[in-house]
1. Among Glu128, Glu93, Glu185, which one shows the highest mean-square fluctuation when the chain is modelled as a Gaussian network with alpha-carbon springs under 10 Å?
2. Which net charge results for the neighbourhood of Ala135, defined as the other residues with beta-carbon distances under 15 angstrom from its beta-carbon, given Lys and Arg at +1 and Asp and Glu at -1?
3. Just the Kirkwood number for the chain, please: inverse of mean 1/r across all distinct Cα pairs, in Å, one decimal.
4. From the C-alpha coordinates alone, can you work out the Kirkwood hydrodynamic radius of the range 152-276, in Å?
5. Report the calculated FRET efficiency for Ser145 and Ala271 (r = Cβ-Cβ distance, R0 = 45 Å), to the nearest 0.05.
6. If you take every DSSP beta bridge whose two residues both sit in the chain, what share of them, in percent to the nearest 5, is antiparallel?
7. Report ³J(HN,Hα) in whole Hz for each residue of the range 155-169, in order, from the Karplus equation J = 6.51 cos²θ - 1.76 cosθ + 1.60 where θ = phi - 60°; Gly and Pro get x.
8. Compute the whole-percent fraction of alpha carbon pairs in the range 96-153 spaced more than 19 Å apart.
Amino acid sequence: MRRIEQEVRLRKSLLVSAVLLAACLGLHSTARSASLECTLIVDFASGDVLRRDGDCDRRVTPMSTFKVPLAFMGFDAGILTGPHDPVWQYRPEFDAPKRARKAVDPTIWETESILWYSQELTRKMGREAFARYVAAFGYGNGDISGHPGGDGLTHSWLASSLVVSADEQADFIRRALLGTLPVREDARRKALAVVPVFEAGGWTVHGKTGSGRMRRKNGRLDRSRPVGWFVGWAEREGRMLVFARMKVGNEPVDGPLGLRLRDEFLADFPALAGRP
């Protein structure tokens, strides 16, 4: 009888230990990942860093901010020719959101962030030219391989192989403004002209948002890891500043995170920039 009681107590003890272990493992597996954030402001003329808060050297997917380098590629390659040329018609196989099912030109493309226009541009450019531009621009890690299966020509910048840091985003914008990118001068001016424009406390702000989600190890998009960007430059009274704001959250958000970051940054910018 005593042996049986001992075995019962041992089994209960083992069961409690197993339950506690499972609970600990469960807590570990559902623990939130740390968020990433950066606010970076650089003086255009001198290149001096005026503000650099957070994870500015961490590379993440650029999402729609990649439309800025794509504009330089498209105008330099002669595929894009002006702010309203070419106009490309929507086709059902693009399978775009309802708001994007319309005719689109370069200005609408950048202002309304139309993905299918980007993908038509890279298809017309071709893989070889696309790879050559990304490498020549020194953009991020330069990896346009895409997901397994080889969709890099149309998806590498969308939570895929191509990643970039806020430091690198700001450096690209500054080189674009300086005219040191390997593109024709008329292409440079046209590309800069289609970047969306905003106002912030007397500053004229040119910037592009980007929004998306990080991927899990299994390749699926993770709703709890939203990505947001706002990248560009600002001008006032002869002064010019280059900026990048980035965030990777650790919980779901309503709506595109990039739009939220843009609005917050525009509200913060006069104070961040300081006096001229």
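Taken together, the values in this text are just the output of simple stated rules run on the coordinates, not laboratory data. All figures in this text were calculated on a predicted structure; none of them were measured in a lab. With ideal geometry, Cβ positions are generated from the backbone for all residues, glycine too; neighbour counts draw on all protein chains shown.
1. Glu93
2. Computed value for this residue: -1.
3. Final number for the Kirkwood radius of the chain is 20.5 Å.
4. In the range 152-276 this quantity evaluates to 15.9 Å.
5. 0.60
6. Roughly 100 percent of the beta bridges in the chain run antiparallel, per DSSP.
7. So the Karplus estimates, Gly and Pro as x, are 9, 4, 8, 10, 6, 9, 7, 7, 10, 8, 9, 4, 4, 6, 4 Hz.
8. 41 percent
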